[in-house]
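The values are calculated or read from the model by the stated rules, or taken from the named source; none is laboratory data. Nothing here was measured: the structure is a model prediction, and the numbers come from that model. No Cβ is skipped: glycine too gets one built from the backbone with ideal geometry, and neighbour counts run over all protein chains shown.
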Amino acid sequence: MKNSNLNSAINEVELKLALPSTQVDALFNHATVVGAAPLKQHLVNTYFDTPAGDLARSQIAVRLRQVDSHVLQTVKTAGHGSGGLSSRQEWEWALNHRQLDATALAELPPFQGELARAIEQLTPTLNTDFTRHSWQLTWQGSHIELVLDEGEIISGGAHALICEVELELKAGEPEALWSLALALTESVPLRPSDSSKAARGNALAANQWPLPDASTPAQWLHRATLALDAYHDSGQNTHLVAAQQALNALATHPQLDDNLHPIAQQLPNALTANGQPSAAYGHAALTLAHRLSTQTPLR
């Protein structure tokens, strides 16, 4: 149980990275994890929302998770950040049964306002089922959990593949997340991902993947990242085109300084024809995201 006090939240800081399913062995063979046996778990998750989608609109996720014989209830708020890095509040506690604990939900800050009325309307809306491999790493003096999730999202009769890496900061400095991610991309073709599993499931159910407007370099990178997420879940080529257009806009953006322009210019040609990242794409995208994040820090 992560949090026994429902009045206080954990601030979860993590870097989310998409990995082509054909490249899983490259991660297992990376020097960072070779020789270290990961913890392997099977996670079955059910997400809840109202029929009107009130939680999705508020970017709140309510989840029941079964790990082996244990059941956890989790609430997460919207993440702030881009380029794969996000910071958000999280509450999590153990249950004795696989049934939503509405009484505890009513105590949490996200449900003190208008969402209080949504609690009695919550019903299961999507499921995720995946295998998790996790490693506890010490990197540059920080404790980081490296996680590989492989499985699927099931939402509204639609399915999407899960193959992603998460680097979660357990103790230390966020800078270590960037450093570890860049070390991984030297040989593993990872790319930033800005879409949570819940957000992906909601988009699948609605068959809609809206993209935000962009004007600054950070916003263009965020738009490109979301467009790639949308393309791989929807299979719709329009999203791959949108990603390429966003990358081209980023590569020629007048606000980028002389050090960042050459990095951004690598991105449009560093994706494969089916929108998968090369190692060069991941390294350049993460380098750029890192540099831009220092200009627009997490809230």
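Scan (1) small (Gly, Ala, Ser); (2) at pLDDT 95 or above; (3) surrounded by fewer than 19 Cβ atoms within 10 Å (Cβ to Cβ) for the single condition Ala249 breaks and write down its number.
(3)
Residues of region 98-107 being more than 16 Å from Asn45 (Cβ to Cβ) and either in contact (Cβ under 8 Å) with a residue 60 or more places away in the chain or not polar (S, T, N, Q) (or both), which ones?
Ala102, Ala104, Leu105, Ala106, Glu107
What single numbered condition from (1) part of a strand (DSSP E or B); (2) more than 20 Å from Ser58 (Cα to Cα) fails to hold for Ser86?
With (1) part of a strand (DSSP E or B); (2) more than 20 Å from Ser58 (Cα to Cα) applied to Ser86, the lone miss is (2).
Considering each of Ala230, Ala284, Ala242 in turn, give the residue that is of a type in the set (Gly, Ala, Ser), crowded, with 21+ Cβ neighbours inside 10 Å and more than 18 Å from the chain's Cα centre (by Cα).
The match here is Ala284.
Specify which of the listed residues (Gln236, Gln208) is more than 20 Å from the chain's Cα centre (by Cα) and not assigned by TED's automatic domain parsing to the domain that holds Phe48.
The match here is Gln236.
Evaluate the following for Ala78: is it under 16 Å from Ala181 (Cα atoms), in the same structural domain as Thr138 (by TED's automatic domain parsing) and aliphatic (A, V, I, L, M)?
It is false that Ala78 is under 16 Å from Ala181 (Cα atoms), in the same structural domain as Thr138 (by TED's automatic domain parsing) and aliphatic (A, V, I, L, M).
Going through region 231-270 one residue at a time, which ones are assigned to a loop (DSSP other than H, G, I, E, B) and either polar (S, T, N, Q) or in contact with a Phe, Trp or Tyr (Cβ under 7 Å, 6 or more places away or on another chain) (or both)? Break it down into steps so the answer makes sense when it comes.
Pass one, region 231-270, residues assigned to a loop (DSSP other than H, G, I, E, B): 235-236, 252-260, 267-270.
Once the filter is applied, which keeps residues that are assigned to a loop (DSSP other than H, G, I, E, B) and either polar (S, T, N, Q) or in contact with a Phe, Trp or Tyr (Cβ under 7 Å, 6 or more places away or on another chain) (or both), region 231-270 yields Gln236, Thr252, His253, Gln255, Asn259, Leu267, Asn269, Ala270.
Leu267 - would you say it is farther than 30 Å from Gly156 by Cβ and crowded, with 19+ Cβ neighbours inside 10 Å?
Working: farther than 30 Å from Gly156 by Cβ: yes; crowded, with 19+ Cβ neighbours inside 10 Å: yes.
So Leu267 fits the description; yes.
Give Ser179, Ser155, Ser142, Ser215 a once-over and let me know the one that is of a type in the set (Ser, Thr, Tyr) and at pLDDT below 95.
That would be Ser155, the only listed residue that is of a type in the set (Ser, Thr, Tyr) and at pLDDT below 95.
Please work out which one of (1) of a type in the set (A, V, I, L, M); (2) over 30 Å from Ser179 (Cβ atoms); (3) part of a loop (DSSP other than H, G, I, E, B) is the condition Ala37 fails and give its number.
It is condition (2) that Ala37 fails.
Just to verify a result, which residue in region 156-176, among those that are among the hydrophobic types (A, V, I, L, M, F, W, C) and closer than 28 Å to Leu204 by Cβ, is surrounded by the fewest Cβ atoms within 10 Å (Cβ to Cβ)? Working first, answer last.
Initially, region 156-176 is screened for residues among the hydrophobic types (A, V, I, L, M, F, W, C), giving 158, 160-163, 165, 167, 169, 171, 176.
Now restrict to residues that are closer than 28 Å to Leu204 by Cβ: 158, 160-163, 165, 167.
Numbers: Ala158: 16, Ala160: 19, Leu161: 14, Ile162: 18, Cys163: 19, Val165: 22, Leu167: 23.
Top of the filtered list is Leu161.
Among the candidates Gln219, Gln208, single out the residue that is assigned to a helix (DSSP H, G or I) and surrounded by fewer than 20 Cβ atoms within 10 Å (Cβ to Cβ). So that I can check it myself, show each step before the final result.
On the way: Gln208 fails: assigned to a helix (DSSP H, G or I).
The match here is Gln219.
If only one of His133, His143 is in contact with a Lys or Arg (Cβ under 7 Å, 6 or more places away or on another chain) and under 20 Å from Ser193 (Cα atoms), which one is it? Working first, answer last.
Working: His143 fails: under 20 Å from Ser193 (Cα atoms).
Only one candidate passes the filter, namely His133.
Scan region 242-256 and report the pairs whose first residue is in contact (Cβ under 8 Å) with a residue 12 or more places away in the chain and whose second residue is part of a loop (DSSP other than H, G, I, E, B) and surrounded by fewer than 20 Cβ atoms within 10 Å (Cβ to Cβ), with Cβ atoms within less than 7 Å and a gap of 6+ or a chain change.
Close Cβ pairs (under 7 Å, with a partner that is part of a loop (DSSP other than H, G, I, E, B) and surrounded by fewer than 20 Cβ atoms within 10 Å (Cβ to Cβ)) amount to Ala242/Leu211; Ala243/Gly275; Gln244/Pro268; Ala246/Ala214; Leu247/Pro268; Asn248/Pro268; Ala251/Pro268; Gln255/Thr216.
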